[in-house]
Amino acid sequence: MEQETGDELSFEDAIARLEETVARLEDGDMSIEEMVTRFEEGMALVRLCYRKLEAAQVRVERLAREDMPFPVSGDASSDGEARLLDR
């Protein structure tokens with residue numbers, strides 16, 4: 001895997017690389033050192049994807065709050081519905 005900073009990869013590209021890495025690891029046709037290196041690369045991709053998902057969630061929540069004409073709690077109820085806050 002050529003070296004790129006994680007911020008250069010899109011979420012979709014990182015997932016694709018992660019899937020390739022997992023497939024190579026499952027194939028098992030490499031030395032233990034190569035497997036450990038691939039595992040490290042895979043974990044870096046997992047962390048990158050997680051950060052990108054967190055950033056997207058923050059953006060969506062911010063946009064939802066900006067567009068709501070009334071305050072809404074940040075936690076969804078068990079049925080998935082947001083609840084209005086008492087004023």
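None of the figures in this text is laboratory data; all of them are computed from the coordinates on show. Every value quoted in this text rests on a predicted model; they were computed, and no experiment measured them. Reconstructed Cβ throughout: ideal geometry from the backbone, glycine too, with neighbour counts over all protein chains shown.
List of remarks:
- Extension gain, Met68 back to Glu19 (0.36 nm per residue minus Cα-Cα distance, nm): 13.8 nm
- A crude spin-label estimate for the pair Ser10 and Thr37, with each label 7 Å from Cα along the Cβ direction, gives 2.9 nm.
- Packing-based order for 29-35, 12-18, using average beta carbon neighbours within 10 Å, highest first: 12-18, 29-35
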